[in-house]
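Worksheet: the structure to be examined is printed underneath.
None of the figures in this text is laboratory data; all of them are computed from the coordinates on show. Everything numeric in this text was worked out from a predicted model, so none of it was measured. Don't worry about glycine lacking a Cβ; one is built from the backbone with ideal geometry, like all the others, and counts go over all protein chains shown.
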Amino acid sequence: MEFQVRINSRASLEEMVARVSRLFQCEFRPSHAKLFEGAPAFEAELLGLWITLSYRSRPESDFRNYQLVGTLQDRLEVKWEIPSAYLDIDPYILTLLRRWDAEEWYIPDVEELRRGPRAPGSEGAG
């Protein structure tokens with residue numbers, strides 16, 4: 001089970017953490033995971049998911065591309081009663097964020113995942 005949604009925003013990382021924390025009703029803390037190589041990021045654990053919030057700066061603008069990602073924790077092995085090894089909850093998370101935070105949240109398409117974040121204002125995949 002996992003999700004990844006994104007938003008282009010001028011908000012600070014701390015502002016985004018507050019928004020997401022309020023929505024998910026959990027507390028994010030600074031992340032020191034090797035994944036972020038010292039870049040600023042926050043993490044939380046909720047319902048067996050490791051949830052991270054990080055961003056990529058866009059040198060050509062004052063927008064940041066925030067990435068909210070949830071993945072199963074390594075120590076949690078789930079035996080599903082449904083015939084599926086993978087459960088994508090992107091649409092559910094996207095609906096929550098758009099309803100309770102901002103319409104600008106989107107699901108990145110495969111091309112964006114390969115090449116990096118899209119420019120603010122361009123058409124999204126979600």
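General observations
- Among the residues of segment 1-14, just one is in contact (Cβ under 8 Å) with a residue 24 or more places away in the chain and exposed (fewer than 13 other Cβ atoms within 10 Å of the Cβ), namely Arg10.
- Tally of residues being surrounded by fewer than 18 Cβ atoms within 10 Å (Cβ to Cβ) and within 14 Å of Leu97 (Cα to Cα) across segment 15-53: 5
- For segment 38-62, a residue qualifies if it is touching a Ser or Thr at 6+ places or on another chain (Cβ under 9 Å) and either touching a residue at least 60 places away in the same chain (Cβ under 8 Å) or closer than 18 Å to Val20 by Cα (or both), and the qualifying residues are Pro40, Ala41, Phe42, Glu43, Ala44, Leu49, Trp50, Ile51, Thr52, Leu53, Ser54, Tyr55.
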